Amino acid sequence: MMQITLTVNGVTKALTVEPRRLLADVLRHEFGCYGVRFGCSHGACGCCTVHVDGQPRLSCIAFAVQCDGMSIATIEGMPKDGALHPLQQAFIAEHALQCGYCTPGFIMALAPFVERGTDPTDTEIRDAMSGNICRCTGYDGIVAAIRRAIGERKRVDSD
Amino acid sequence: MKPSAFKYVRAGSVEHACALLAEHGEDARLLAGGQSLVAMMNLRLARPSVLIDIGRLALADIAIGTGSVRLGALTRHRMLIEHLGLRRMAPVFGETARYIAHPTIRNHGTAGGSVAHADPTAEIPGLLVLLDGHVDAASQGSVRQIQGRELFRGAFSTSLKPQEMISALHFRIPAGRWGGNFLELAERVGDFALAAVGAVVERDGEQVTGARIVLLGAESVPVRASAAEASLVGERLTESVAAQAGAAAAAAQRCYGDVRASAGYRRHLLSELTRRALLTAYARAGAAA
C-alpha cells in the first residue's frame, strides 16, 4: 500500500492505495467520479480520458500512484459557475450522443482542441477525435458539435 | 483492478533507476509513459513484480547538432510534431510521429519506451533504423551505445540487458540537400500498421547521392532495403526508377501474413509505399535549400 495525494476537480484527498489500482478505478471509487468510464481498458477507446495537470490522459492505462501530487479534472469538473462547458452545450445542441457512454471521454479529449482551435477542417477534427470510439457510431453529430463549440468560443472571444 | 500486484518505486535519477534494475533484475520493468506497458499489464500479458517509474526524470530534451538529432529517452511523441527546430531541420520526425496512435497517447508515450517495447511495426524503431541511429544504454556506472540495427532482435525483443535502460536516442541526419518521407497504412487511424515505409533521399542536382529505405511489416523488426538503396545512387529518381526500387525492395522480403493481412498484400503495400515515399523524399530534397 502507498500513501498518495490527489487533487480531483479541486478537492484534495490523501489516500492509501495499492500500486496496481488504475487511476480510473480510484477516480470512480474514491472520488465518486462515475463519469470516468472503463471501455476497453487498454488505451484503444478513449472512454476513460481525464485531464492530468491540464493534459488529456487515459486513466485506464495510468496508475493512481503515478499521479501522486497531481491535479486531475474529470467530466464532473467541467461545468463552471453552474454553466456547462461550451463543448457540453454543443453536444446537446447537435444531438452528439445516443447512449452517452463514450461522451465524457470525447468531451475531455476534445475540450483542449476546442479551446485552442481556430478553423479546423473536418479531417483535422476527425484526426483530433481519432482516439475515441463511439459504438453508436454517431460521429457526424460529434464533428458538428466540435465545430459549433469552436465557433461559439471564437464569437465570445471576439466580443 | 486488473493488473497483478507489484511493488512500485519512483526513480529519482538515471543512476537510481539503474541501481533498482540491478537490484531487481528481470522481475522489474521500467515505467515511462506506460502507454503500452500498462495496457499489457491490464491484459496480464505483462506481470512485472516491480515497476520502476522513470516518468518524472528530466530526460525529455531534444538537441539538434550538425548532422545529428538527440532525443532524451522521455521525449513525448507529441514533441516530435511540435518542436520548431525539428520541424525546420528534420520534419520527417513529426511526419512519422503523427502515425503513432492518437493525440492523447502521443501526450504521454515516449521515444525510449517505444524503442524498448520493440513492437514490430512501431514508428520510432523504424525511424531509428532509417536514420542510422543508436541508443545510449545506461547501467550502473556505465553507458554503452547500441546501434539501431543491432538493437531489435524480434517482436518485443531487444538486445538490452535486464539491468540497462535507454537514456537517449541518437539519429544521423544527412549533411547536404536531402528530403524524407514516412508513409503508413493501418486499418483505422492510429491503429497498428499493416505496413509502413520510411525513405531518405540525398541529391545533387537531379542525381541521387544517397538513399535510405526502412520497411516495417516485412519482418518482426524494422529492415533496411539495402540493395534497393544502392541501386538508386547516381540515378535520376523518375517515376519508373521509384517503381522499380519499390518492387525490388518488396520482392526481397519474406513478409508475414496474419489475420489482418496476407504476406502477399503486405509485400504489395511495401512496394507501393516505397515508390511513393521515394518520390516524395526526392522532391523534398530538390526543394530543400
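Values quoted throughout were computed directly from the atomic coordinates according to the rules given, and no laboratory measurement underlies them. These figures come from a predicted structure and were not determined experimentally. Here the Cβ positions follow ideal geometry from the backbone for every residue, glycine too, while neighbour counts run over all protein chains shown.
Assess whether B:GLY210 counts as being crowded, with 16+ Cβ neighbours inside 10 Å, within 14 Å of another protein chain (Cβ to nearest Cβ) and farther than 16 Å from B:CYS255 by Cα. Break it down stepwise before answering.
Values: crowded, with 16+ Cβ neighbours inside 10 Å: yes; within 14 Å of another protein chain (Cβ to nearest Cβ): no; farther than 16 Å from B:CYS255 by Cα: yes.
It is false that B:GLY210 is crowded, with 16+ Cβ neighbours inside 10 Å, within 14 Å of another protein chain (Cβ to nearest Cβ) and farther than 16 Å from B:CYS255 by Cα.
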Practice problem: Using the structure shown, decide if A:VAL65 is buried (at least 20 other Cβ atoms within 10 Å of the Cβ), more than 29 Å from B:LEU51 (Cβ to Cβ) and touching a Pro at 6+ places or on another chain (Cβ under 7 Å). | Solution: no
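Can you find, within region A:52-82, the residue that is farthest from A:GLY105 (Cα to Cα) among those that are assigned to a strand (DSSP E or B) and at the interface with chain B (Cβ under 10 Å from one of its Cβ atoms)?
The initial filter retains those residues of region A:52-82 that are assigned to a strand (DSSP E or B), namely A:52, A:55-58, A:63, A:71-73, A:80.
With at the interface with chain B (Cβ under 10 Å from one of its Cβ atoms) added as a condition, the list becomes A:52, A:55-58, A:63.
Working: A:VAL52: 13, A:GLN55: 13, A:PRO56: 9, A:ARG57: 10, A:LEU58: 9, A:PHE63: 18 Å.
The qualifying residue farthest from A:GLY105 (Cα to Cα) is A:PHE63.
Regarding B:ALA58, is this residue on the phi < 0 side of the Ramachandran plot, over 17 Å from the mean Cα position of the chain (by Cα), aliphatic (A, V, I, L, M) and part of a loop (DSSP other than H, G, I, E, B)? Quick ask: steps written out before the conclusion?
On the way: on the phi < 0 side of the Ramachandran plot: yes; over 17 Å from the mean Cα position of the chain (by Cα): yes; aliphatic (A, V, I, L, M): yes; part of a loop (DSSP other than H, G, I, E, B): yes.
When the stated conditions are applied, B:ALA58 passes them.
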Quiz item: List pairs: first in region B:203-230 and assigned to a loop (DSSP other than H, G, I, E, B), second surrounded by 17 or more Cβ atoms within 10 Å (Cβ to Cβ) and of a type in the set (S, T, N, Q), Cβ under 6 Å, 6+ apart or cross-chain?
Solution: B:GLY217/B:THR121; B:ALA218/B:GLN253
Quiz item: With respect to the numbered conditions (1) in contact with a Cys (Cβ under 8 Å, 6 or more places away or on another chain); (2) surrounded by fewer than 24 Cβ atoms within 10 Å (Cβ to Cβ), which one is the sole condition not fulfilled by B:MET165?
Solution: (2)
Quiz item: For A:PHE31, which of the numbered conditions (1) in a loop (DSSP other than H, G, I, E, B); (2) farther than 25 Å from A:VAL114 by Cα; (3) at the interface with chain B (Cβ under 10 Å from one of its Cβ atoms); (4) touching a residue at least 24 places away in the same chain (Cβ under 8 Å) fails to hold?
Solution: (3)
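Being closer than 29 Å to B:ALA285 by Cα and surrounded by fewer than 16 Cβ atoms within 10 Å (Cβ to Cβ) narrows it down to one of B:SER13, B:SER68, B:SER49, so name that one. Give the derivation first.
Numbers: B:SER13 fails: closer than 29 Å to B:ALA285 by Cα; B:SER49 fails: closer than 29 Å to B:ALA285 by Cα.
Only one candidate passes the filter, namely B:SER68.
For region A:42-51, which positions are facing chain B (nearest Cβ under 7 Å) and either touching a residue at least 40 places away in the same chain (Cβ under 8 Å) or crowded, with 20+ Cβ neighbours inside 10 Å (or both)?
A:GLY43, A:GLY46, A:THR49, listed by residue number.
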